[in-house]
Amino acid sequence: MSINLLPEALYTALFFSILYFVAALLTGVWKWRAMLGSENGKAHSYVDIAHHAALHYGPFIVLAGGLASFWPFADLLPGWVLIQIMGWTMVLSLSRYVSLGIRGAITNQLNKPSSGAKMGLVFFFFGSVLPGLAIAIGAFITLWDNLPGKPF
């Protein structure tokens, strides 16, 4: 079955949202089991963070995909490419949280950050924040001309 009704960027974003949806379900069960087994009723910090990240990344990537559908610079770089960059960056970020939760060895990876943690932040900035800002600015430019009752 082919779905050609959606813009490429939104189609790509929905693909990633499926990954985050499944991750949210699985990390939710993991968190619940960890809470049941702990003395204070709380899961390890990174189990909790992994679950919350999965919950947040799904709707975030769909919103980014919707906004990327209005990307005005498709001749230079298609919007779906930015969604791919963001999507895989968030997959790597989520996998880092899961890895930290499985090890249960630390509670704050940035307290005494390793060079890997520092590079991870840089990677996340260039792989998620910058493409997200580019998508937002591009969508703003496109949508501004069609905005009813322009506020300025």
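Quick note: the coordinates plus some simple rules give every number you see, no bench work behind them. Since the model is a prediction, treat every value here as computed from it, not as a measurement. Neighbour counts are summed over all protein chains in view; Cβ atoms, including those assigned to glycine, are modelled from backbone coordinates with ideal geometry.
Provide the packing ranking of 87-93, 123-129, i.e. peptides ordered by the mean count of other C-beta atoms within 10 Å per residue, highest first. All intermediate terms of the calculation are to be shown ahead of the outcome.
Details: 87-93: 19.0, 123-129: 15.6.
Ranking the peptides 87-93, 123-129 by packing returns 87-93, 123-129.
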For a quick protection proxy, order the peptides 51-58, 18-25 by their average other-Cβ count within 10 Å, most packed first. 51-58, 18-25
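Does region 8-139 classify as rounded, prolate or oblate by the C-alpha gyration tensor (a ≥ b ≥ c root eigenvalues; a/c under 1.5 gives rounded; else a/b over b/c gives prolate, otherwise oblate)?
oblate
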Between PHE123 and SER45, what FRET efficiency comes out of the Förster formula 1/(1 + (r/R0)^6) with R0 = 25 Å and r the beta carbon distance, rounded to 0.05? 0.70
Compute the distance in nm between two label points, each set 7 Å from the Cα along the Cα-to-Cβ direction, one at LEU110 and one at LEU25. 3.2 nm
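Want the number for ILE102 to LEU6: 0.36 nm per residue separation, take away the alpha-carbon distance, what's left? Walk me through the numbers before you get to the answer.
On the way: separation 96, 0.36 × 96 = 34.56 nm, distance 3.74 nm.
The span from ILE102 to LEU6 would gain 30.8 nm if fully extended.
With +1 on each Lys and Arg Cβ and -1 on each Asp and Glu Cβ, and nothing else charged, work out how big the dipole of region 8-139 is about its Cα centre, in Debye to the nearest 20. Kindly include the intermediate steps, with their values, before the conclusion.
Working: 7 positive and 4 negative charges, 107 e Å.
It comes to approximately 520 debye.
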Which Cα, out of GLY65, GLY127, SER99, lies furthest along the positive dipole direction of region 22-130 (beta carbon charges, K/R +1, D/E -1)? SER99
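Please report the relative contact order for the chain, taking Cα pairs under 8 Å with a sequence separation of at least 6, and give it as a percent rounded to a whole number. Can you show the working numbers first?
Details: 163 pairs, mean separation 44.4, N = 152.
Relative contact order of the chain: 29 percent.
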